[in-house]
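As structure tokens, the structure follows; a few thoughts come after it.
Here, each number is a calculation from the coordinates, and none is a lab measurement. All values derive from a computational prediction rather than experimental measurement. So basically every Cβ, Gly included, is an ideal-geometry build from the backbone, and we count neighbours across all protein chains shown.
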Amino acid sequence: MMAPALVGTLLLACAGCHHRQGSTAFSAGPQADSIVDGTVSVTGTGFEQEIMLGRGSGELPLRLVATPGDSAALLHVAGLEIAARGEITGRTMRLRSFTAIRAGSLPVEDGILRLDGDHLILETAAGRLRLGNPPSALWQLVGARVWVSGPLDTGPNSYGVISR
């Protein structure tokens, strides 16, 4: 009878001493307003989809829980790096907002397309950015939230629609 109890105690003691290198420990309780950079991935199909945020080597991905509108927007940025803001509990983040920050190795600007006279403007959280030579298809997306990469003043630019 003593052997199983002793083995159980030793296993618990050893588990408590194990630390993975490179991983971030999360407390069991929620962490208010955390900001995490990572790459969005979508697993599953249809009703069974899960949106995950990969955080780099050695880090376990976070499962993102979002409003229906943010979930649809996250599907459009799958493969991009974002800065996600929200409350983390364990390996789940209840998303409050996000900003696209990279497409591959290229930095991107995330904002709403606006018209200013005969110019396209990207209205970001940091301010208004004039697009000097935008792709012609962007003119049809005024009012949409998009990400844009490349030199904004001269082009050429790559872009993607986040939400309409």
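Taking the number of Cβ atoms within 10 Å of each Cβ as an exposure proxy, the fewest-first ranking of Asp118, Asp33, Asp70 is Asp118, Asp33, Asp70.
Here the average projected area of the convex hull drawn through the C-alpha atoms of the stretch 26-103 stands at 5.1 nm². Taking amide H positions as modeled 1.01 Å from N, with prolines and chain starts lacking one, the residues under 5 Å from Ser97 and 5 or more places away or on another chain are Arg85. Each residue of the stretch 109-120 was assigned a 3J(HN,Hα) from its phi angle through the Karplus curve 6.51 cos²θ - 1.76 cosθ + 1.60 (θ = phi - 60°); the sequence is 9, 10, x, 9, 6, 10, 9, 10, x, 10, 10, 8 Hz, with glycine and proline shown as x. Considering every alpha-carbon pair of the stretch 106-163, the percent of pairs per 5 Å bin, from zero through the bin containing the longest distance, is 4, 22, 37, 29, 7, 0.
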